[in-house]
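> Here it is, the structure, as structure tokens.
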Amino acid sequence: MNTVLLTLAAYLIGSVSFAVVTSKLFGLADPRTYGSKNPGATNVLRSGNKAAAILTLAGDAFKGWLAVWLADHYAQQLGVGELAVALVAIAVFLGHLWPVFFRFVGGKGVATAVGVLLGLDPWLGLACLATWLAVAFVSRYSSLAALVAAGLAPLYYGLLFGVDAKLLAVVVMSALLVYRHNQNIAKLLAGKESRIGGKGKPAANDPSIHPHPDHHPAKGHAKHPGKKK
């Protein structure tokens with residue numbers, strides 16, 4: 001029973017979309033309505049608000065770490081084992097991808113995955129984070145970096161800890177992350193994926209991202225007929 005409760009609680013924690021919550025706090029539009037329509041830090045950054053993007057990134061990573069850390073830390077007291085921790089890792093990630101609080105429209109899971117991996121083991125998380133940074137630095141493709149890190153995460157875990165239930169969780173999470181990047185994969189193959197720092201018109205200029213409830217469009221200046229002499 002405790003395993004079921006932990007798994008359910010982890011899913012609910014994962015369902016808190018920090019991209020949506022942070023955007024509301026900063027008075028920004030719902031990130032699901034502009035840019036890539038992905039509720040994640042990268043899309044929030046398109047609003048031009050770096051603070052909101054950083055908080056989104058930190059929040060999404062923190063919830064992944066928190067759920068796994070709590071399950072692992074209190075496993076003995078609750079009478080659960082590695083299987084419960086593995087299920088919690090998968091559940092919090094699923095919550096981010098398909099959040100019950102936001103009509104099951106979630107993000108791609110990169111930040112939450114990092115948090116989960118750090119929760120499973122700090123060295124595992126740091127290895128995957130270092131992989132992402134290295135690939136991103138060389139290729140300047142954020143999506144490619146995420147895909148490579150996701151592909152290597154199970155290998156890193158297997159080398160560090162061998163085969164167990166947590167490895168299965170890492171495999172499932174990596175597979176889901178790759179699945180959520182299917183559009184990015186297509187763009188990469190077509191050579192149309194945007195690079196980090198690439199040129200392009202910033203979405204921050206889009207008025208839909210910065211809603212002003214009290215603002216009304218200026219009325220057009222109609223030409224007044226000349227005064228009759």
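> Students sometimes get this wrong: rank 62, 102, 26, 18 by accessible area, probe 1.4 Å, all chains present, largest first.
62, 26, 18, 102
> How large is the helix-only mean residue ellipticity at 222 nm for the chain, computed as the sum of -39500 (n - 2.57) over DSSP H runs with n ≥ 4, divided by its residue count, in deg cm²/dmol to the nearest 500? Each step should come with its number before you reach the end.
Working: 11 runs with 144 residues, N = 229.
It comes out at -20000 deg cm²/dmol, rounded to the nearest 500.
> Note down the relative contact order for the chain as a percent, whole number, built from C-alpha pairs under 8 angstrom at least six residues apart.
22
> Sticking with this one: Which pairs, out of 24/50; 50/192; 37/192; 24/63, put more than 21 Å between their alpha-carbon atoms? It would help to have the intermediate numbers written out before the result.
Numbers: 24/50 15 Å; 50/192 25 Å; 37/192 18 Å; 24/63 19 Å.
Listed pairs above 21 Å: 50/192.
> Farthest toward the dipole's positive end in the chain, which of 1, 12, 35, given Cβ charges of +1 (Lys, Arg) and -1 (Asp, Glu) about the Cα centre?
The one lying farthest along the dipole's positive direction is 35.
> Ok, one more. Viscosity 1.002 mPa s, temperature 20 °C: what is the translational diffusion coefficient of the chain from Stokes-Einstein with a Kirkwood Rh over Cα pairs, rounded to a whole number of µm²/s?
113
> Describe numerically, in nm with one decimal, the distance between label points set 7 Å from Cα along Cα→Cβ at residue 175 and at residue 139.
2.2
> What's the carbon and sulfur percent of region 119-179's accessible surface, probe 1.4 angstrom, rounded to a whole number?
Roughly 79 percent, rounded to a whole number.
> Karplus couplings for region 142-151 from phi (6.51 cos²θ - 1.76 cosθ + 1.60, θ = phi - 60°), rounded to Hz, Gly and Pro as x?
Per residue, the Karplus-derived 3J(HN,Hα) values read 5, 5, 5, 4, 5, 5, 5, 4, 5, x Hz.
> Right, here's the next one. Which of 67, 153, 29 moves the most in a Gaussian network model of the chain with Cα springs under 10 Å?
Evaluated over the chain, the most mobile residue of the options is 29.
> Shifting gears a bit: Need the C-alpha centroid separation for region 77-110 versus region 144-164, integer Å.
19
> Can you bin region 83-164 into rounded, prolate or oblate? Criterion: square roots of the alpha carbon gyration tensor eigenvalues sorted a ≥ b ≥ c, rounded for a/c under 1.5, prolate for a/b above b/c, oblate for the rest.
oblate
> Of 95, 138, 45, which is farthest towards the positive pole of the chain's charge dipole, taken about the Cα centre with +1 and -1 on the beta-carbons of Lys, Arg and Asp, Glu respectively?
45
> Ignoring ligands, DNA and RNA, how do 159, 188, 45, 124 rank by accessible area with a 1.4 Å probe, largest first? Could you put the intermediate results ahead of the total?
Numbers: 159 135, 188 45, 45 85, 124 0 Å².
Ranking 159, 188, 45, 124 by accessible area, largest first, yields 159, 45, 188, 124.
The values are calculated or read from the model by the stated rules, or taken from the named source; none is laboratory data. Here the structure is a predicted model, which means the values were calculated and not measured. Because the Cβ atoms are built from the backbone with ideal geometry, glycine has one as well, and the counts that use them run over all protein chains shown. Accessible surface areas use protein heavy atoms only, side chains included; no ligands, DNA or RNA. Shrake-Rupley method; radii C 1.70, N 1.55, O 1.52, S 1.80 Å.
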